[in-house]
Amino acid sequence: MTHSLTTGPSTKQEQEADALRRDAEDPGHRELFLVPPAEGGDYPESAYLAGNSLGLQPKATRTELLADLDAWARLGVEGHLEAERPWLPYHELLTEPAARLVGALPEETVVMNSLTVNLHLLMVSFYRPKGRRTRIVIEDTAFPSDSYAVRSQARFHGLDPDATVVRLRSGGEVLDYLAREGETVALVMLGGVNYLTGELMDIPAITAAGHAAGAVVGWDLAHAAGNVPLSLHEWGPDFAAWCSYKYLNSGPGALGGVFVHQRHLGDPSLPRFEGWWSTEQATRFRMDPVSRPPATADAWQISNPPIYAMGPVRTSLELFDRVGMAELRARSVRLTAYLESLLDEIVPSRPLSVVTPRDPGRRGCQLSLRIERGSAAELAGRLRREHGVVTDAREPDIVRMAPTPLYSTYHDCWRAVVALADRVQEES
Ligand SMILES: Cc1ncc(COP(=O)(O)O)c(C=O)c1O
């Protein structure tokens, strides 16, 4: 192999020793996770930098999941009330830790469903086009599911999605648009951290500007929850939703979280879709024909929850509680700065650029690289197969690398940049 990350004063060996020294001084919690074996390269474990897409499995998850399965085997239907973690109120075990994670009150928070389903349920309540105020503002690089969701909401209200959905390129453009056209905007719904570029939006400023313009403001926090500290109650958006399979390490398709601000709880004028889990728990089994929704985010629930999908979220949230977001964020900033400093050495001589903001206050852990030649998917495939470095590609030209503070190491970052230097030829 022709490693060419040797342009600085140090040799490759010295750089590797430096990475290992940093890991000894600033360890994460890798020992709590199952790290996939490397498909290629010189090391047994993957350098796993795809936690922005699917986080790794905590070792505790399997045991906890099996305990929930055992309760079903032992108790049958009685598990609803008699399991060690009874199924009837099971979701409540997730509420407080999820609320702490996003800076919300417990009554503002519920874990349920998947992300896009939750965005729809929230838009049922909060997208209320009226008169001239019909538009939905999203970012031009919104995740496709969000784009499809808002277009279908426009259609649901009998509106033309092309005229209703406004796609803007940056937080600055959103603020300008709200200042100019605010009275036409019914809903601002943006990604807190952009999935493609890794940019962290100014959530408090955009929320305040949306409200000043008379619009409702909601956030898709798929790439923010568990990645950056959040203070949703204080920042005051109307709603937010996130998934748990990325930074929250709860497994593929894991349940999502929902935030509804306190000022909307118990408001009978808000439309909501309902089912038996929307009604208060105390009287649910009276089987009344009319619901009695609680004045909490639980009122947005519809069905009884999938218990075996709740267990992994509970296990993961316990880990976040134990370590704490402040400690994780501090390590995250150090780890991503280290990755960036290594990239700085190779990027100037190669057809590559980092498109994520350099300011740590404007990003989470992810750095997105734009490659100027070749296919991003092909590059990510070679990094994985030939070097055991797991990144992810967003075609045509973005490769994302996300050192996550719970389990990624400085050595992972170093391996990733050495592999990238090998795979992307220097410009002659
Ligand atoms: C920003 C964002 N929004 C929405 C989704 C879709 O999530 P789900 O399939 O859980 O609805 C994703 C999935 O990766 C995402 O990253």
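The values are calculated or read from the model by the stated rules, or taken from the named source; none is laboratory data. On a predicted model such as this, the values are computed, not experimentally measured, just so you know. Ideal geometry is used to build each Cβ from the backbone, glycine not excepted, and the neighbour counts take in all protein chains shown. Keep in mind that these areas ignore ligands, DNA and RNA; they rest on the heavy atoms of the full protein, side chains included. Shrake-Rupley method; radii C 1.70, N 1.55, O 1.52, S 1.80 Å.
Among DSSP beta bridges lying fully in the chain, give the percent that are antiparallel, nearest 5.
Expressed as a percentage, antiparallel bridges in the chain total about 55.
Can you find, among Gly192, Thr11, Leu65, the residue sitting farthest towards the positive end of the charge dipole of the chain, where Lys and Arg contribute +1 and Asp and Glu -1 at Cβ?
Gly192
How much of the accessible area of the chain, in percent, comes from carbon and sulfur atoms when a 1.4 Å probe is used?
54
On a C-alpha basis, how far is the centre of the stretch 356-428 from the centre of the stretch 291-311 in Å? Whole number, if you could?
39
Taking the Cα centre of the stretch 305-416 as origin, sum charge times position over the Cβ atoms of Lys and Arg (+1) and Asp and Glu (-1), and report the length of that vector in debye to the nearest 20.
In debye, rounded to 20, the stretch 305-416 gives about 60.
Quick one: dipole size for the chain, taken about the Cα centre, charges +1 on Lys/Arg Cβ and -1 on Asp/Glu Cβ, in debye to the nearest 20.
Around 740 debye, computed over the chain.
In whole Å, how far is the Cα centre of the stretch 44-100 from that of the stretch 320-338?
The stretch 44-100 and the stretch 320-338 have Cα centres spaced 23 Å from each other.
Keeping all protein chains in position, work out how much accessible area Thr134 exposes to a 1.4 Å probe, and write it in Å² to the nearest 10.
Its heavy atoms expose roughly 30 Å² to the probe.
Just to confirm, what accessible area per residue do you get for the stretch 199-319 at 1.4 Å probe, in whole Å²?
The answer is 36 Å² per residue.
Please give me the summed charge of the neighbours of Gln425: other residues whose Cβ is under 13 Å from its Cβ, Lys and Arg +1, Asp and Glu -1.
Charge balance near Gln425 sits at 0.
Using a Förster distance of 60 angstrom, determine the FRET efficiency expected from the C-beta separation of Gln281 and Lys12, and round it to 0.05.
The computed FRET efficiency comes out at 0.50.
Positive end of the charge dipole of the chain (Lys, Arg +1 and Asp, Glu -1 on Cβ, about the Cα centre): tell me which of Gly257, Val137, Phe239 has its Cα farthest that way.
Of Gly257, Val137, Phe239, it is Val137.
Calculate the spin-label point distance for Tyr43 paired with Asp140, positioning each point 7 Å from the Cα along the beta-carbon direction, and give it in nanometres.
Here the modelled spin labels are 3.7 nm apart.
On a 0 to 90 degree scale, rounded to 10, what angle separates helix 203-212 from the longest Cα axis of the chain?
For 203-212 against the chain, the angle is about 40 degrees.
Could you give me the ³J(HN,Hα) list for the stretch 276-284, computed from phi with Karplus coefficients 6.51, -1.76, 1.60 and θ = phi - 60°, whole Hz, x at Gly and Pro?
In residue order, the calculated couplings are 5, 7, 7, 8, 4, 5, 4, 10, 4 Hz.
In the neighborhood of Arg74, defined by Cβ-to-Cβ distances under 15 Å, what is the net charge if each Lys or Arg adds +1 and each Asp or Glu adds -1?
Summing Lys and Arg as +1 and Asp and Glu as -1 gives -4.
Taking only protein heavy atoms and a 1.4 Å probe, what accessible area per residue, in Å², does the stretch 359-428 have with all protein chains in place?
Per-residue value: 35 Å².
If you keep only loop residues by DSSP, which trypsin sites (Lys or Arg not before Pro) in the stretch 92-184 have at most 15 other Cβ atoms within 10 Å of their Cβ?
Arg132, Arg169
So what is the 222 nm mean residue ellipticity for the chain from helices alone, if each DSSP H run of at least 4 adds -39500 (n - 2.57) and you divide by all residues, rounding to the nearest 500 deg cm²/dmol?
It comes out at -12000 deg cm²/dmol, rounded to the nearest 500.
With a cap of 11 neighbouring Cβ atoms within 10 Å, and only residues DSSP puts in a loop, list the GluC sites (Glu not before Pro) found in the stretch 149-231.
In loop regions of the stretch 149-231 (DSSP not H, G, I, E or B), there are no sparsely surrounded GluC sites (Glu not before Pro).
Residues of the stretch 30-94: accessible area per residue at 1.4 Å, in Å²?
About 55 Å² of surface per residue is accessible.
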